[in-house]
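A short worksheet on the structure shown next.
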Amino acid sequence: MSTVPATARSATSPASETLRRALRIDAWSTAAFGVVLLAGATLLEVPFGLPMYWSIPFGIAMLGGAACLGLIAGYPRIPTKFAIFVIAGNALSFVALVALTFSNLIPLTGFGIVFFLSGALVVAAFAIAESIGLRLNRA
């Protein structure tokens with residue numbers, strides 16, 4: 001018989017690690033994307049049609065989001081409500097990126113459209129991975 005309490009076992013279970021791993025990868029990729037948007041703000045303007053007044057706020061927001069994801073992934077036991085919040089945020093980001101791509105609010109070039117739609121697919125993939133991790137964690 002195990003001497004480890006059930007709550008401690010669930011915090012380190014493979015199911016819990018699936019969710020934690022998805023959150024950590026999401027955090028690092030979000031941070032990297034934010035750095036690209038900030039550091040390359042002037043370089044992205046011409047080939048992607050992404051003005052600096054869009055890329056800088058997006059980059060800052062992404063770094064903030066990455067920090068939140070990292071904090072959530074660091075909890076000994078990831079609260080379900082935080083995981084749901086992250087999944088909803090990724091789903092909303094997917095919708096926002098697709099809407100911005102086709103709204104003509106940002107004068108995106110062909111490369112910019114591919115860039116935004118690729119980002120939309122990435123956040124959708126994270127929403128799915130984190131949903132799977134949450135379901136496994138609950139089971």
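Remarks
- Contact order for the chain, expressed relative to its length and based on alpha carbon pairs under 8 Å spaced 6+ residues apart, stands at 35 percent.
- Candidates 101, 18, 42: whichever shows maximal mean-square fluctuation once the chain is modelled as a Gaussian network with Cα springs under 10 Å: 42
- Note on the chain: with a GNM built from Cα contacts shorter than 10 Å, the maximum mean-square fluctuation among 103, 16, 29 falls on 103.
- Sorted largest first by accessible area at a 1.4 angstrom probe radius, with every protein chain in place, the residues 136, 108 fall in the order 136, 108.
- Taking the helices alone, the chain has a mean residue ellipticity at 222 nm of -28500 deg cm²/dmol, built from -39,500 (n - 2.57) per DSSP H run of at least 4 residues and averaged over all its residues.
- Rounded to whole Hz, the Karplus (6.51, -1.76, 1.60) HN-Hα couplings of segment 73-87, x for glycine and proline: 5, x, 4, x, 10, 5, x, 4, 5, 5, 5, 5, 4, 5, 4
- Applying 1/(1 + (r/R0)^6) with r as the Cβ-Cβ distance of residue 21 and residue 104 and R0 = 35 angstrom yields a FRET efficiency of 0.40.
- Modelled FRET efficiency - R0 41 Å, residue 113 with residue 139, Cβ distances, 0.05 increments: 0.55
- Note on segment 16-139: percent of Cα-Cα distances in each 10 Å bin, starting at 0 and stopping at the bin with the largest distance, equals 14, 44, 27, 13, 2.
- Net length gained if the chain between residue 53 and residue 96 were fully extended (0.36 nm per residue, minus Cα distance): 13.8 nm
- Unit charges on C-beta of K, R, D, E only; dipole of the chain, Debye: 600 debye
The values are calculated or read from the model by the stated rules, or taken from the named source; none is laboratory data. Worth saying up front: this structure is predicted, and the values here are computed from it rather than measured. Because the Cβ atoms are built from the backbone with ideal geometry, glycine has one as well, and the counts that use them run over all protein chains shown. Calculation scope for accessible area: heavy atoms of the full protein, side chains included, ligands and nucleic acids excluded. Shrake-Rupley method; radii C 1.70, N 1.55, O 1.52, S 1.80 Å.
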